[in-house]
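Just so you know, all these numbers are worked out from the coordinates, no wet-lab data involved. Note that this is a predicted model, so its numbers are computed, not measured. Quick reminder, even Gly has a Cβ in these numbers, built from the backbone with ideal geometry, and neighbours come from all protein chains shown.
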Amino acid sequence: MARVLRGTLGIVLLACAIAPKAHSENMDFSKTDLMDLGKLDAKLVLDIRYATANNFTGKPVYHQARAFLQRNAAMAIVRVHEALQRQGFRLKIYDAYRPLSVQKIFWAILPDPRYVADPKLGSMHNRGMAVDVALTDLNGRDVPMPTAYDEFSEKAHRDYHKAPTQALRHRDILEAAMQKEGFHGIPTEWWHFDYQGWDRYPVLDIPFEELRIKGIRSDAPSTELG
């Protein structure tokens, strides 16, 4: 029984470490200023899986293959990419800002807080302050990484050390470059990084194609969760 309780407690603690805290309706959020990564740095390799059927849902959930981040996180990605190119790599982007409505789809399919944030709390992706990334060579070809994108198993965990040596080396190079510019990984997904100060931004539910139409302002209302 004690062993079971310790195992259960471990899962609960891990979920708490990954999941964001519910935001306050009275919180003063920073101005939302989402930037298009593809336009900001044309050399980034965009592989927006959720705009295709090649993802864990088995269907496209984005209508456009684009990636957005809040301005400070977006500029940090540019610096990460510049540093990686000096080392002989390019940065591949799988996902960045994610509307809350898509988060709800993910949670309905995989309600596991180790891999998908509960939409009642909102994800860092929903704030435009998280990005899923990998490395390629300078020609945009994939290099070995520990697992495929969105493999929800212990093999994707950051403390998994049984992957091929080259894949582990690439994981370490990616993590070091991201951390240097203010990004922090989560324990269960080697590809996922949150940017510092994510809690200063609201959860959003605006589709990519409506971002310009909405004309997001500093006084735009955040999505109320309940």
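For the reader, a short list of remarks on this structure follows.
- Amide H contacts under 5 Å for residue 46, placed H, 5+ residues apart: 93
- Distance violations [Cα-Cα > 22 Å] among 120/180; 92/155; 92/180; 31/104; 59/104: 120/180; 31/104
- Highest to lowest packing among 159-165, 129-135, 31-37, scored as the average C-beta count within 10 Å: 129-135, 31-37, 159-165
- Residues whose amide H falls under 5 Å from that of residue 189, counting only those 5 or more places apart or on a different chain, are 158, with hydrogens built in the peptide plane.
- For segment 32-214, the Kirkwood estimate of the hydrodynamic radius, built from every pair of different alpha carbons, is 16.4 Å.
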